[in-house]
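The next block holds one structure in the form of structure tokens; read it before the comments.
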Amino acid sequence: MQDLMDTLTGKFTAHYGRAPEIISYAPGRIEVLGNHTDYNEGYVLSAAINYGTCFALARREDRQVRLMAGDIMEEVQFLVDAPMPTEDHMWSNYVKGCLSGVSARKAPPCGFDAMFFGNIPLGSGLSSSAALETAAALCFAKLFDVEISKLDLARIGQKAEHEYAGVKCGLLDQVSSIYGKENALVLSDFRTFDIKPVNFPEDVCFLMCNTHAKHALVDGAYNERRQSCEIAARHFATVLDHPVAALRDVSWNEWLQYGPSLDERVARRAAHPIGEDERVLAGVEFLRDGDAAAFGQLMFQSHESSRKYFENSCPELDTVVDAAKAIPGVLGARLSGGGFGGSAVVLVEKRHAETAAQAIRSAYAHKHGEPCDTRLIICSEGARIIQG
Ligand code: ADP
Ligand code: MG
């Protein structure tokens, strides 16, 4: 983080001819347990990671904004009162959306010169977009001198993503970046929006394994999964004697009892978020006891549920998870995020992390020709102002 801040300060000063006044930092995130549970009003365990984005700005006398993406050295200019989304420089939309969100709470006092710089690989499932939004929104709130709650800050980022970047994301990415804690996972309840840290053992860490696989029909497959979950929830609402607003309200035992009267495929889809909710809650208890091995088993079960019920895994992700099972020091592995490609997250003892990463890369290369990327992930502190 200090390195990022120093580099950004240097680039900012060289480009704008003065030092930044306010600097913020926001990390990316990984999803650890609780897959496709958010839109079923369920639970997710995630973590802020040891990669992030720094955002810096200095106020101007006029109402002009100059905004620079420090990694690619591209600049855009616009008026602080009119941050409009554009087709070119798509990266600027995430920032403009956040400016618009903070401006809706308090009018901007002045224009500014801004620059951001980060070390999260873009589009690799670590949520560089949420890190950028969160870092930008934090800086704007500081510049405008307006108090914004953590949850509101997350909602500003989500709205920017929806309305300025055109990505219909949930709230998990922003929440994880904002609420992250060192040596802790973030437990989110997507019904009550109660969000809290859960201590995580210090002798284990994660490997994020990016397969770069992208499977066609992802949108159609995603819509079918969502629809199946909704159909199943309506079914359970009619057969159970307690209220069911979403699959969050259905237990695994109820699925076993009443699932068979559903369409076979719809029942399988519903099994995944229902099982995931129970695994998240069981996982929290295991972490309270410091039992990383038992927690890891839940991750393997989560992947099995993806593979068997939700069918959002793919051969590349299965390769990583199957290879991980046989590697010393690995405690668990599963796909992370939407699925149908992308990344798998592996839980490993820190002392075995490097050898495990090598073993996964070579097992992957053996099957698919090229190694997957592996990255060591440590649960880290969430977004914050670091200067100003
Ligand atoms: P992810 O969030 O998983 O990394 P997304 O596609 O949601 O993937 O977001 C990636 C986009 O976010 C990039 O294409 C770019 O527009 C923007 N972005 C995020 N961080 C940066 C950065 N440091 N520099 C330039 N653009 C960035
Ligand atoms: Mg994103």
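Read-outs: derived from the displayed coordinates by stated rules, not from any lab. In this text the structure is predicted, and so the values were computed from the model without any measurement. Every residue, glycine as well, gets a Cβ built from its backbone with ideal geometry; the counts of neighbours run over all protein chains shown.
With a/c under 1.5 counting as rounded, go ahead and sort the range 58-178 into rounded, prolate or oblate using the C-alpha gyration tensor (a ≥ b ≥ c being the square roots of the eigenvalues; past the cut-off, prolate if a/b is larger than b/c, else oblate). Here the range 58-178 falls in the oblate category. Listing Trp252, Trp91 from fewest to most neighbouring C-beta atoms within 10 Å gives Trp252, Trp91.
Among the trypsin sites (Lys or Arg not before Pro) in the range 17-111, those located in a DSSP loop and surrounded by at most 12 other Cβ atoms within 10 Å of their own Cβ are Arg18. Across all Cα pairs in the range 285-388, the calculated P(r) in 10 Å bins from zero up to the longest distance comes to 15, 43, 30, 10, 3, 0 percent per bin. Simple spin-label estimate for Ala294 and Thr7 gives 4.2 nm between the two label positions (7 Å along the Cα-to-Cβ direction from each Cα). Normalised Debye scattering of the range 271-315 at q = 0.32 Å⁻¹ gives log10 I(q)/I(0) of -1.06, counting only Cα atoms as equal scatterers and leaving out solvent.
In nm, what is the difference between 0.36 nm times the number of residues separating Ala213 and Glu370 and their Cα-Cα distance?
On the way: separation 157, 0.36 × 157 = 56.52 nm, distance 1.16 nm.
Using 0.36 nm per residue and subtracting the Cα-Cα distance, I get 55.4 nm.
The angle between the Cα long axis of helix 2-16 and the longest principal axis of the Cα atoms of the chain comes to about 40 degrees, rounded to the nearest 10. Taking a straight Cα-Cα cut-off under 17 Å and skipping sequence neighbours fewer than 8 places away in the same chain, the lysines within cross-link reach of Lys350 are Lys325.
For the chain, taking Cα atoms only, Rg and Dmax work out to 21.5, 69 Å respectively. The stretch between Leu122 and Asp241 holds 38.2 nm of extra length on full extension. This uses 0.36 nm per residue minus the Cα-Cα distance.
Applying 0.36 nm per residue to the separation of Glu74 and His162 and subtracting their alpha-carbon distance, the gain on full extension is 29.4 nm. Mean-square fluctuations from a GNM of the chain, with a 10 angstrom spring cutoff on Cα atoms, peak among Gly220, Gly342, Gly166 at Gly220.
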